[in-house]
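Shown next, in structure tokens, is the structure this report addresses.
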Amino acid sequence: MSNDPRSSAPLVLCVEDESNIADILVAYLQRDGLRTAYARDGVEALGLFRRLEPDIVLLDIRLPGMDGVDLLKTIRSESDTPIIMVSALADDLDKMLSLRLGADDYVVKPFNPAEVVARVRAVLRRTVRSDPRPASPDAPLRVGCLEIDRRAYVARVVDGENGESQALPLTLTEYRLLAYLADRPFHCFSRNTLIEACLPESDALDRVIDSHLSKLRRKLQDAGCSDLIETVRGIGYRLCPKS
């Protein structure tokens, strides 16, 4: 499969310092119709990530220079691009740390490269919009019973039967948290990620985020939209809209 930059196939950035493993992964990914780019270390990978804007990253944890965890944190501070972590360690703590920092999946070596390709395809299906036209940043965001007007900084609960809506009496911080969670439904965000994204000017602690989300949940419940925000024990929070 050619890596023609004009191709519309998703681009996978493979970050792996062991060339034999990288060669196998790249070959399987290309055989499945995906475009690929390859980096041997974290610094090179970050440069390629910023230049190529890949659709997904396959990221080894153990890398020379900037390791995979540091690169994961850097990418997450800039982008929501899906990331699958790869590690030779079947360590639950390693896995939990990666997922807590924003990884979308985790693969342990030795692995079946065909399974890795299947994981890549699955993550892309979950995270890439089927409509290739980007949504206008001013368009209202509809997620389940929620409608978020990003121009007016207003969130509403919409009744699916009659179409009537009720504006939520949110503070600015509560609105930011709800909009951030709603922008990637079902994705789990750590408390630190939510602080950096929604309270960047503050020195807030984890318990401050917990307090804001507790108040937000009560307001959603009062509007008839309960159980929308889930706590993921030991990691953070996610928004799970009901169909």
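General remarks:
- Exactly one residue out of 161, 147, 174 is open to solvent by 80 Å² or more (accessible area, probe 1.4 Å) and either modelled with pLDDT under 90 or among the charged types (D, E, K, R) (or both): that is 161.
- Residue within segment 97-106 that is modelled with pLDDT under 85 and among the acidic types (Asp, Glu) present: yes
- Matching residues, segment 216-229, being surrounded by fewer than 14 Cβ atoms within 10 Å (Cβ to Cβ) and within 19 Å of residue 175 (Cβ to Cβ): 218, 221, 222, 224, 226
- Residue satisfying condition, being modelled with pLDDT under 90 and of a type outside the set (Ser, Thr, Tyr), within set 65, 47, 33: 65
- Checking residue 187 against (1) within 19 Å of residue 81 (Cα to Cα); (2) at pLDDT 90 or above; (3) in contact with an Asp or Glu (Cβ under 9 Å, 6 or more places away or on another chain), the condition it does not meet: (2)
- In segment 158-185, the residues that are within 30 Å of residue 104 (Cα to Cα) reach residues that are open to solvent by 20 Å² or more (accessible area, probe 1.4 Å) and among the aromatic types (Phe, Trp, Tyr) with C-beta atoms within less than 6 angstrom, at least six apart or across chains, in these pairs: 175/153.
The values are calculated or read from the model by the stated rules, or taken from the named source; none is laboratory data. For clarity, every value in this text was computed on a predicted model and none was experimentally measured. Cβ: placed from backbone, ideal geometry, glycine included. Neighbour counts: every protein chain shown. Remember, those area values only see protein heavy atoms, side chains included, never the ligands or the DNA or RNA. Shrake-Rupley method; radii C 1.70, N 1.55, O 1.52, S 1.80 Å.
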